[in-house]
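I have placed the structure first, in the form of C-alpha cells, so that the comments after it can refer back to it.
The values are calculated or read from the model by the stated rules, or taken from the named source; none is laboratory data. Worth saying up front: this structure is predicted, and the values here are computed from it rather than measured. Please note: Cβ atoms are built from the backbone with ideal geometry, for glycine as well, and neighbour counts cover all protein chains shown.
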Amino acid sequence: MLHIINKSPLTNGSLDCCLRVAESGAILLIEDAVYGATKGSAIEGKIRDAMGQFKIHVLLPDLEARGLADRIIEGVTTVDYGGFVELVAGNKNCQSWL
Amino acid sequence: MSDIKKFMFVNRKAPYGTIYALESLEVVLITAAFDQDVSLVFIDDGVYQLKKGQQTKGIETKNFSPTYRALDGYDVEKLYVEKESLEARGLSEEDLLVDVTVLGSKEMGELMDQQDVVLSF
C-alpha cells in the first residue's frame, strides 16, 4: 500500500498518524511533507526508524522548490512526477493522509 | 509622526504548500507603502520561507523568495527568526537568504508585546 503525506510533519500530525496506523508498504512525501525527508530536523530520527517498516520516497520537484534537495536523509528515494505515477500504479491501493 | 503604528507580521507556514506565505508578503508590502513601522517574524515552518536556493521550476509555481531580499528597498528592515524553530529544522542563519535577527522564544514574546497590531499568517 502507498501512503501519501502532504503536510509538514513539524507542524501537523498526518505523518505521525500514518506511522502509528499503517502496517507496511511505501510512504511518499509530497508538498510540505518533503521537509520530513531532510537531514538535521527534529523528526529525522522518526523517519529513520520508519525506514525499517516502509520504503520512503520524496517528490524531488517539491524539495527543489523549497531549497532542500541537497540535504535528503540517506535511504530516502527521490521520485519525479513519472515516479509518483508509477508508485500509485504499482501499489494495490493508496491513502492520502490529508 | 505620531500616527505611525508598530505592525508585526507573524509567519508560521512553509511556502508553496499553502498560500499564506505569499499573501503575507503582499500585505507586508502594502503596509510598508503606508510608512508604518513593520516587523516580520518567522516562527515554526515560517522559517522555511527564508531558505536559500529555492527553485520552483519543477512545481510550476512562482518563486517569490527573492522578494524577501527586496524588502529593505521598501524600508522593511526588521526581520526576526526564532532560534528554536531554526534548530528544530536543522537550519542555521547561513541557510537563510536575507540578514535576520535571531531571537529566542522569550525575546520574541517581548517584541510581540510591544506591537500595536499583530497580523498572523
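Pick from A:34, A:88, A:21, A:79: which is surrounded by 21 or more Cβ atoms within 10 Å (Cβ to Cβ) and either within 11 Å of another protein chain (Cβ to nearest Cβ) or among the hydrophobic types (A, V, I, L, M, F, W, C) (or both)?
Only one candidate passes the filter, namely A:34.
Within the range B:1-18, which residues are assigned to a loop (DSSP other than H, G, I, E, B) and out of contact with any helix residue (DSSP H, G or I) (no Cβ under 6 Å at 6 or more places or on another chain)?
B:1, B:2, B:3, B:4, B:5, B:18
Sort out which residues of the range A:48-68 are more than 7 Å from chain B (Cβ to nearest Cβ) and basic (Lys, Arg), and write them in order of number.
Answer for the range A:48-68, where residues must be more than 7 Å from chain B (Cβ to nearest Cβ) and basic (Lys, Arg): A:48, A:55.
Do the conditions hold for residue B:54, that is, is it crowded, with 20+ Cβ neighbours inside 10 Å and in a loop (DSSP other than H, G, I, E, B)?
It is true that residue B:54 is crowded, with 20+ Cβ neighbours inside 10 Å and in a loop (DSSP other than H, G, I, E, B).
Find the helices (runs of 4 or more DSSP H) located wholly in chain A whose residues include 2 or more that are hydrophobic (A, V, I, L, M, F, W, C), farther than 26 Å from residue B:94 by Cβ and in contact (Cβ under 8 Å) with a residue 60 or more places away in the chain, and list them.
Passing ranges, in order: A:14-21, A:81-90.
Might you check whether a residue that is modelled with pLDDT of 95 or more, buried (at least 20 other Cβ atoms within 10 Å of the Cβ), within 14 Å of another protein chain (Cβ to nearest Cβ) and in contact with a helix residue (DSSP H, G or I) (Cβ under 8 Å, 6 or more places away or on another chain) occurs anywhere in the range B:19-36?
Yes, that holds for at least one residue.
With the requirement that a residue be among the aliphatic types (A, V, I, L, M) and over 13 Å from the mean Cα position of the chain (by Cα), what does the range A:59-97 give you?
Scanning the range A:59-97 gives A:65, A:68, A:69, A:85, A:88, A:89.
How about the range B:74-94: which of its residues are part of a helix (DSSP H, G or I), surrounded by fewer than 19 Cβ atoms within 10 Å (Cβ to Cβ) and either touching a residue at least 12 places away in the same chain (Cβ under 8 Å) or under 15 Å from the mean Cα position of the chain (by Cα) (or both)?
B:74, B:83, B:84, B:93
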